[in-house]
Amino acid sequence: ETTPKISKIQSPAAFSSPLCRCCSSRSLDLSPSRAMAKARVHPSKRPTDQLLFAAALSVSVLLPLLVPAAATAAAAAVGDGDNKSALGVGRQWAAGAGKDEGKMVAEGGAGGGGSVEEDEFAGGFGSLDSMLQWAIGNSDPEKLKEEAADVQKLSADELLKRRQEIKELMEKLKMPSDADLMKIAIADLNNSSISLEDRQRALQELLVLVEPIDNANDLDKLGGLLPVIQELNNANEEIRTTSAWVLGTASQNNALVQNQILGYGALARLVKMGYSTSTEEAAKALYAISSLIRNNVNGQEAFHSENGSAMLQHILVRSSIDVRLQKKAVFLVTDLADFQLNSGNAQLPFLSDRLFLKSIIDMLSRFDLDLQEKVLLAIKSLLKLPSTDVEDFEFYDLGSVLFRLGVQLEDLTSEDQKEFAVEVDVLRREVQTLFQQKVKQGKVKTA
């Protein structure tokens with residue numbers, strides 16, 4: 001999926017680390033700010049004298065080299081007008097902070113994104129570590145030895161003084177927290193005078209920042225959730241699309257944020273966006289909807305109340321709609337059916353609607369192995385629902401459709417598809433067996 005190009009941040013779709021929301025956290029965060037924090041939590045076990053010696057040596061030799069870099073960073077933070085985005089500097093830090101984060105659901109395809117260059121850090125360095133490495137690499141080895149010898153002659157008080165100098169330097173180079181960056185982005189969204197480009201950048205910044213579940217939970221506390229929802233009504237398609245993406249990312253497997261967004265009534269707008277002629281906008285809306293209602297009874301009831309099934313059927317029955325979007329719609333149907341099975345909650349009425357089932361069955365006739373596999377999984381889950389009337393599947397001759405699909409799979413000659421076709425055929429046989437069993441059960445009940 002194509003991600004809008006921006007100058008200071010890598011596309012979240014390009015990140016590869018997996019999510020881990022099941023344990024209320026994400027993949028390991030290796031951003032510079034968090035790495036430094038981690039280092040403070042796990043201090044070195046070296047003797048105190050050695051620590052003081054290292055600190056003093058660092059200050060005496062590297063301080064003159066690092067201060068100009070810090071000054072450069074401070075100079076870069078100067079803005080030049082109220083109508084400018086406040087993210088001019090903050091965006092640089094979040095790009096680094098978000099690099100560690102993982103898999104964005106790529107609606108409609110894989111998103112592109114460039115890498116964050118090292119000169120995004122203060123003074124032209126990618127991190128404090130790279131700054132220190134540069135300083136050491138560009139220092140005179142003999143001078144370093146001399147300085148080391150001088151430091152060894154320092155008294156304990158002098159060593160402590162040097163250590164305080166290091167602390168002060170670190171404070172100057174201290175990176176803003178995620179909360180600080182979120183506040184900056186939110187301020188941009190609330191600034192009606194900024195350009196569309198800066199508004200888009202603010203949303204892109206939040207898209208990265210709300211990946212960690214704790215940050216997502218803080219979004220509403222910081223006053224950011226409602227401004228993002230309001231952007232769903234923006235006249236600019238790109239802004240609407242990114243807003244839906246932010247909401248989907250923040251609410252993914254997160255009941256707190258799901259209920260907050262539902263409480264603001266955003267689902268109705270997202271359902272309307274699902275009808276968009278823009279594949280990207282519809283895909284991001286569907287992604288946000290899926291994140292909002294997954295494993296959430298209130299969300300699923302609201303989806304039914306907003307006639308979300310009509311939106312899904314609109315996507316399923318039109319051959320002109322991108323097949324990637326149709327796959328996502330079918331996957332959502334499977335997800336909803338599985339939730340009904342596993343939770344024991346009352347079935348969503350549209351899952352047993354005859355016309356809706358027809359739109360699912362008809363998709364088996366589209367020759368796309370990946371789509372056919374997803375449709376078979378959906379039919380398998382729908383057949384397992386206790387309230388499913390097998391006569392509806394008989395009415396649309398599911399048995400014959402499955403037989404024709406088997407012949408089609410067997411006739412495949414392409415070697416690169418053969419292995420996948422065998423897997424799909426195994427699934428087809430499972431569905432066929434389940435269907436036949438339900439037909440027999442239905443005949444026994446009516447006998």
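Quick check: is even one residue across the stretch 318-328 out of contact with any Phe, Trp or Tyr (no Cβ under 9 Å at 6 or more places or on another chain), under 14 Å from Tyr287 (Cβ atoms) and among the hydrophobic types (A, V, I, L, M, F, W, C)? There is at least one residue in the stretch 318-328 that is out of contact with any Phe, Trp or Tyr (no Cβ under 9 Å at 6 or more places or on another chain), under 14 Å from Tyr287 (Cβ atoms) and among the hydrophobic types (A, V, I, L, M, F, W, C).
Can Ile186 be described as closer than 15 Å to Thr242 by Cα and in contact with a Phe, Trp or Tyr (Cβ under 6 Å, 6 or more places away or on another chain)? No. Here Gly223 passes the criteria (1) open to solvent by 10 Å² or more (accessible area, probe 1.4 Å); (2) at negative phi except the one numbered (2).
When we screen Arg429, Arg404, Arg366 for residues that are of a type in the set (Lys, Arg) and modelled with pLDDT of 95 or more, the only hit is Arg429.
For every residue, the table says whether it meets (1) assigned to a helix (DSSP H, G or I); (2) more than 18 Å from Leu371 (Cβ to Cβ); (3) open to solvent by 10 Å² or more (accessible area, probe 1.4 Å).
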position	(1), (2), (3)
Ala283	yes, no, no
Leu286	yes, no, no
Ala310	yes, yes, yes
Thr334	yes, no, yes
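When you check Ser276 against the structure, is it farther than 21 Å from Ala187 by Cβ and touching a Phe, Trp or Tyr at 6+ places or on another chain (Cβ under 6 Å), yes or no? In short, no. When Ser319 is tested against (1) surrounded by fewer than 20 Cβ atoms within 10 Å (Cβ to Cβ); (2) assigned to a helix (DSSP H, G or I), just one condition goes unmet, and that condition is (2).
Filtered by the rule that a residue be part of a helix (DSSP H, G or I) and either at pLDDT 95 or above or more than 25 Å from the chain's Cα centre (by Cα) (or both), the stretch 336-345 gives Gln340, Leu341, Asn342, Ser343.
When Glu231, Glu237, Glu211 are checked against the criterion of being farther than 15 Å from Lys183 by Cβ, open to solvent by less than 10 Å² (accessible area, probe 1.4 Å) and not polar (S, T, N, Q), a single residue qualifies: Glu211. Condition (residue is in contact with a helix residue (DSSP H, G or I) (Cβ under 8 Å, 6 or more places away or on another chain), among the hydrophobic types (A, V, I, L, M, F, W, C) and in contact (Cβ under 8 Å) with a residue 60 or more places away in the chain) applied to the stretch 324-340: is it met by at least one residue? Taking every residue of the stretch 324-340 in turn, at least one turns out to be in contact with a helix residue (DSSP H, G or I) (Cβ under 8 Å, 6 or more places away or on another chain), among the hydrophobic types (A, V, I, L, M, F, W, C) and in contact (Cβ under 8 Å) with a residue 60 or more places away in the chain.
Check the stretch 367-375 and report whether any residue there is of a type in the set (Lys, Arg) and in contact with a Lys or Arg (Cβ under 7 Å, 6 or more places away or on another chain). Among the residues of the stretch 367-375, at least one is of a type in the set (Lys, Arg) and in contact with a Lys or Arg (Cβ under 7 Å, 6 or more places away or on another chain), which makes the answer yes.
Considering the stretch 158-201, and only residues there that are hydroxyl-bearing (Ser, Thr, Tyr) and in contact (Cβ under 8 Å) with a residue 12 or more places away in the chain, the residue that is surrounded by the fewest Cβ atoms within 10 Å (Cβ to Cβ) turns out to be Ser193. Cβ-Cβ contacts under 9 Å between residues 6 or more apart (or on different chains), taken from a first residue in the stretch 415-440 that is closer than 15 Å to Leu369 by Cα and in contact (Cβ under 8 Å) with a residue 24 or more places away in the chain to a second residue that is loosely packed, with under 13 Cβ neighbours inside 10 Å and of a type in the set (D, E, K, R), are listed as Phe420/Asp370; Ala421/Glu410; Val424/Asp370.
The values are calculated or read from the model by the stated rules, or taken from the named source; none is laboratory data. Source: prediction; values computed, not measured. Quick reminder, even Gly has a Cβ in these numbers, built from the backbone with ideal geometry, and neighbours come from all protein chains shown. Side chains included, ligands, DNA and RNA excluded: accessible areas come from the protein's heavy atoms. Shrake-Rupley method; radii C 1.70, N 1.55, O 1.52, S 1.80 Å.
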